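Undergrad: The structure is given below, and queries will be raised subsequently.
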Amino acid sequence: MGISTKEISEVIKERLKDFDASLVSADVGRIVAVGDGIAQIYGLQNAMAGELLEFPHETYGLALNLEEDQVRSVILGEFGHLHEGDEVRTTGRLLEVPVGDELLGRIVNPLGVPLDDKGPIKTTRTLPVEKIAPGVITRKRVDSPVQTGIKAIDAMIPIGRGQRELIIGDRFTGKTTVLLDTIINQKGKDLYCIYVAIGQNAASVARVAATLEENGAMDYTIIVAASAADPASLQYIAPYAGCAMGEYFMEKGKEALCCYDDLTKQAWAYRQLSATLRRPPGREAYPGDVFYLHSRLLERAAKLNQAHGGGSLTALPVIETQANDVSAFIPTNVISITDGQIYLQSDLFNAGQRPALNVGISVSRVGGDAQTKAMRQVAGKLRLDLAQYRELAAFAQFASDLDTATRNQLERGARLTELLKQDKYQPVPLGEQVAALYAGTQGHLDKVAVNRVIEWTGGFIRFLKSDRQGLLEAIDKQQALDDSLFARLNAAISTFNHQFGIEGYEDQPDPAAQAAPAASKKA
Amino acid sequence: MATAAAKRYARAVFELAQQDGQLEQWARRLERIRELFADPHVAAVLNNPTIATDRREAFVADAPHLFDEEATNLARLLIESGRIDEAPAIEDEFQRLADEAAGRVRATVTTAIELSAHDRQRVTEQLSTQLKKEVRLTVVVDPRVIGGLRLQYGDHVADATVAARLEQLRRRLAST
């Protein structure tokens, strides 16, 4: 690095010249007790709720409990160096985090301090961590989709931009994988992603970062990490900090996606803070305002109207259940706040259904409007077919002889279920999803053996890419199927089924290929 | 920091003093009580639960040279209720109530060198015109402030010391 000492001293001189120290005027108090990340401060009569407090040695805190002649505050970060009798000052500010494009590709803590080895982050703007959610007047209906690249979600539980969709399930059911697939699928799609890791071990955060890096997804992603070793105060503010970073993009009229992984741990951290702040415990020892903790966070997800820039912030919160118990306190709270939930189950996961999505009880309350037309055209029947399949399958376990209609239904359902399986970190583009699901729902897979469906799907997509060029691109571009695309799809399926050795299908040339030479001859 | 108990004792003493017009006398009494109880040897005996309460009270009651009658009564009450550790808090709270009633403000000024009587007078006058209250100034000399002065009254601090400016400058330079 070619920085001479002279240059440095020039910079310092410059700074000294326009340094205008102002008189510091503030309210002060003294620490009476400190411990468990909480400081009890005597004085500070004029402190405001949620105000940033300045402790010695560049330590900061948040004033949370205002009492008659003392204030209780959480300390953001380490507190081992604070002592009884230390002076605490008010700042007159709320807690803010740095925001901006400079954060993309970085791993930061909830205060915006870099945790990776890529040097300082030169942001120019900050935004308050706690902010009132956009009001009714500034909002617009959710009308465009977030393509997750996961067939089962995009087809049956579509997520719209500005929606809050909960991802819920036991430990080790692939919750984080759903988030990572979604982030990876946003490559080249103008959707900025923020992944907030709360209370996870540092190794998991490193693994997430490595996965995103390998798939080239870090260019448009910010990771905000408050690991299990960080104080509860940081775990508590982490989702709000991530949300503020997302709001920066939304305010600029861009689209952002915030993943909170996971809010159960944040609720635990908040429970710890509340207990040490001596707030009265309620159900499951959570404080009385634990609902507001999550509702005010998720309410900040929004789709803004054109007059307000037209940006959006989508929220994908994660909740971890214990033994599939969705009726516990925090899961019911977050289910009631969000616009739908994706339910992952460990028995499906262990049965090899990955993603282990339970399509029966997973719903999306607003995303249907936002689904692309092409997907609506092919997937409309899918949900119904699968619902009937599950009902019959449970029933048919005890029945020995079944009528043909029932057996057909079961056969179809087994193949559709198989069709929805996909490997992790391999999101499927819209065109491929539409083509595969069309074949499945139209019954073209009924004669393929169940254990060969995955092989069939892979082969079919390869066939489309090599022999029917332009078809997938056309679906991606038009986002709707017209008669000519239907004809091309039917022809392609028939040809491939013939090659796959299925009876009753024959080679059919691509209708578009016949039209094209004719058109070129004319020209 | 005043506990709820200390506040209650202080308010009772204050109301009594105000009624009898003996604010100054009571302030002195509280000061003497605080001084006596601050002695670790005295506190060790008076806090000792193995000595019967009336014997502990007798230490104070049988020594008329220590306190006058009112102070003795208060001291006995504190010993009886096991509140002798609250004595400093009671005195502070009493002072606060007395200041409030008289419209007084206590301020502390911190400088690196001893303030001259004239400067002290100026600070007092400036502050009392600004707050429209009588100001009782305490002067603290602390070489760590380097220069300038730091004024504290109630919960408020106005810091115009060289140390605070240097700290600001350090942060400005470190932030780039």
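Read-outs: derived from the displayed coordinates by stated rules, not from any lab. Predicted, not measured: the structure shown is a model, and the values here were computed from it. Positions of Cβ are backbone-derived with ideal geometry, glycine not excepted, and every protein chain shown enters the neighbour counts.
Undergrad: Place the peptides A:430-437, B:95-102, A:315-322 in order of packing, highest mean first, counting for every residue the other Cβ atoms within 10 Å and averaging per peptide.
TA: A:430-437, A:315-322, B:95-102
Undergrad: Calculate the mean, over all residues of peptide B:157-165, of how many other protein chain Cβ atoms lie within 10 angstrom of the residue's Cβ.
TA: Per residue, the number of nearby Cβ atoms from other chains is 4 on average.
Undergrad: Across the stretch A:23-32, in residue order, what do the Karplus-derived ³J(HN,Hα) couplings come to in whole Hz, using 6.51 cos²θ - 1.76 cosθ + 1.60 with θ = phi - 60° and x for Gly and Pro?
TA: So the J values, rounded to whole Hz, are 5, 7, 10, 8, 8, 10, x, 10, 5, 9.
Undergrad: Please list, ordered by chain and number, the residues whose modelled amide H lies under 5 Å from the amide H of A:LEU53; skip anything fewer than 5 residues away on the same chain.
TA: HN-HN under 5 Å from A:LEU53: A:GLY61, A:LEU62, A:ALA63.
Undergrad: Just round it to a whole percent: the fraction of Cα-Cα distances in the stretch B:69-108 exceeding 17 Å.
TA: Above the 17 Å cut-off, the stretch B:69-108 has 44 percent of its Cα pairs.
Undergrad: Just checking the output field for B:40-50: average partner chain Cβ neighbours within 10 Å of each residue's Cβ?
TA: 0
Undergrad: Treating only the Cβ of Lys, Arg, Asp and Glu as charged (+1, +1, -1, -1), what charge dipole size does the stretch A:265-350 show about its Cα centre? Round to the nearest 20 debye.
TA: So the dipole magnitude of the stretch A:265-350 works out to roughly 420 debye.
Undergrad: How crowded by other chains is B:32-38, given as the mean number of beta carbons from other chains within 10 Å of each beta carbon?
TA: For peptide B:32-38, the averaged partner shielding equals 0.
Undergrad: Which order do the peptides A:242-253, A:495-506, A:292-303 take when ranked by the mean count of other beta-carbon atoms within 10 Å per residue, highest first?
TA: A:242-253, A:292-303, A:495-506
Undergrad: Which whole-angstrom value gives the distance between the alpha carbon centres of the stretch A:165-205 and the stretch A:367-383?
TA: The distance from the Cα centre of the stretch A:165-205 to that of the stretch A:367-383 comes to 24 Å.
Undergrad: Cβ neighbours within 10 Å, averaged per peptide: list A:146-156, A:66-76, A:455-465 in order, most packed at the top.
TA: On the way: A:146-156: 25.7, A:66-76: 19.5, A:455-465: 17.2.
The packing order, highest mean first, is A:146-156, A:66-76, A:455-465.
Undergrad: Which whole-angstrom value gives the distance between the alpha carbon centres of the stretch A:250-326 and the stretch B:1-45?
TA: 51 Å
Undergrad: Now for a different question. Would you report the distance distribution of C-alpha pairs in chain A as whole percents per 20 angstrom bin, up to the bin with the largest distance?
TA: 20, 46, 25, 9, 1
Undergrad: Sticking with this structure for a sec: Would you order A:THR314, B:THR161, A:THR138 from fewest to most other beta-carbon atoms within 10 Å of each residue's own beta-carbon?
TA: Numbers: A:THR314 26, B:THR161 22, A:THR138 14.
So the residues, fewest neighbours to most, are A:THR138, B:THR161, A:THR314.
Undergrad: Follow-up. Roughly how many debye, to the nearest 20, is the charge dipole of the stretch B:93-159 about its Cα centre, given +1 on each Lys and Arg Cβ, -1 on each Asp and Glu Cβ, and no other charges?
TA: On the way: 10 positive and 10 negative charges, 20 e Å.
It works out to roughly 100 debye.
Undergrad: Related question: Cα centroids of the stretch A:431-483 and the stretch B:86-109: how far apart, whole angstrom?
TA: The stretch A:431-483 and the stretch B:86-109 have Cα centres spaced 84 Å from each other.
Undergrad: I would also like to ask the following. Let me check I've understood the local charge: for A:SER233, count other residues with C-beta under 14 angstrom from its C-beta, Lys and Arg +1, Asp and Glu -1. What total comes out? Could you put the intermediate results ahead of the total?
TA: Values: positive: A:ARG72, A:LYS265, A:ARG271; negative: A:ASP36, A:GLU78, A:GLU130, A:ASP230.
In short, -1.
Undergrad: Structure shown: which of A:LYS175/A:LYS421; A:LYS151/A:LYS477; A:LYS140/A:LYS252; A:LYS189/A:LYS373; A:LYS131/A:LYS252; A:LYS254/A:LYS424 lie over 22 Å apart, alpha-carbon to alpha-carbon?
TA: Cα-Cα > 22 Å for A:LYS254/A:LYS424; rest within.
Undergrad: With a Cα-only, solvent-free Debye model of the stretch A:73-210, what are the log10 I(q)/I(0) values at q = 0.09, 0.10, 0.11 Å⁻¹?
TA: So the normalised log intensities are -0.42, -0.51, -0.61.
Undergrad: How long are the three semi-axes of the equivalent ellipsoid of the stretch A:389-490, in whole Å, if each is the root of 5 times an eigenvalue of the C-alpha gyration tensor, listed from largest down?
TA: Here the semi-axes work out to 29, 15, 12 Å.
Undergrad: Which of A:ILE150, A:LEU44, A:THR59 sits closest to the plus end of the dipole of the protein assembly as shown, meaning its Cα is farthest towards the positive end, when Lys and Arg get +1 and Asp and Glu get -1 on the C-beta?
TA: A:ILE150
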